[in-house]
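Following: one structure in structure tokens, then a few remarks.
The values are calculated or read from the model by the stated rules, or taken from the named source; none is laboratory data. Since we're looking at a predicted model, the values are computed, not measured. Virtual Cβ from ideal backbone geometry, glycine too; neighbours counted across all protein chains shown.
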Ligand SMILES: C[S@@+](CC[C@H](N)C(=O)[O-])C[C@H]1O[C@@H](n2cnc3c(N)ncnc32)[C@H](O)[C@@H]1O
């Protein structure tokens, strides 16, 4: 009985943590679907020169795929929700890849000036809030890859539709491109 109450308490705590950070950021840790992930990777060039940033990395699936895609580049993934971040961190600890780092915190505090690629799957308000930061910090030639929600007012260099249930739109932008 005590064990059951403890397990129930832990489950409720986990749900509460995810719910609280979803309220704070407006974005739940919904992962990019495998089909969208494949479509995102297919939109990218085979080589890039410089670090990759994932803004809001959730459970880590997309960050792992990006790190495997670019094994010679550092991939820095930021997540502010404790449970998904801890899951992703444990996943990285036990399975790599070595060029991937999960950082706990608000990506608005990250310095993106050296980014070759920024990837995100957020919400329309979060994208609107992120846009001035991207415009202020990204160097010419940097790529921005978005799942579902576009950077409003920017012209994508490529748009693709993922073969998933939502027909998710994938947008690729090139700064100054
Ligand atoms: C829809 S999920 C996407 C997860 C992952 N990128 C993927 O595609 O599978 C969005 C994530 O962004 C995180 N997030 C939203 N705003 C954030 C912020 N300012 N700093 C760090 N993480 C944030 C949320 O906690 C959530 O886990």
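Pull up region 16-26, narrow it to residues that are modelled with pLDDT of 80 or more and either farther than 20 Å from residue 122 by Cβ or surrounded by 16 or more Cβ atoms within 10 Å (Cβ to Cβ) (or both), then point me to the one that is nearest to the chain's Cα centre (by Cα).
Residue satisfying both the conditions and the ranking: 25.
For region 160-169, which positions are out of contact with any strand residue (DSSP E or B) (no Cβ under 7 Å at 6 or more places or on another chain) and over 12 Å from residue 34 (Cα atoms)?
166
For the list (1) in contact with a strand residue (DSSP E or B) (Cβ under 9 Å, 6 or more places away or on another chain); (2) at pLDDT 95 or above, I need the number of the one condition that residue 46 fails.
Result: residue 46 passes all but (1).
Name every residue in region 117-131 that is near the ligand (Cβ under 7 Å from one of its atoms) and either part of a loop (DSSP other than H, G, I, E, B) or exposed (fewer than 14 other Cβ atoms within 10 Å of the Cβ) (or both), in order of residue number.
121, 122
When residues of region 1-30 are filtered for being farther than 19 Å from residue 130 by Cβ and free of Cβ contacts under 8 Å to residues at least 60 places away in the same chain, how many remain?
Adding up the residues that qualify gives 17.
When residue 176 is evaluated against the numbered criteria (1) outside any helix (DSSP H, G or I); (2) more than 16 Å from residue 36 (Cβ to Cβ); (3) modelled with pLDDT of 95 or more, which criterion, by number, is the only one it fails?
(3)
Could you name every one of the strands (runs of 3 or more DSSP E) located completely within region 31-116 that has at least 2 residues being within 8 Å of the ligand (Cβ to nearest atom) and within 12 Å of the chain's Cα centre (by Cα)?
Working: elements: 52-55, 75-79, 100-104.
Ranges flagged: 52-55, 75-79.
Among the residues that make up region 149-159, is at least one of them within 13 Å of the ligand (Cβ to nearest atom), outside any loop (DSSP other than H, G, I, E, B), touching a residue at least 12 places away in the same chain (Cβ under 8 Å) and in contact with a strand residue (DSSP E or B) (Cβ under 6 Å, 6 or more places away or on another chain)?
The answer is no; no qualifying residue exists.
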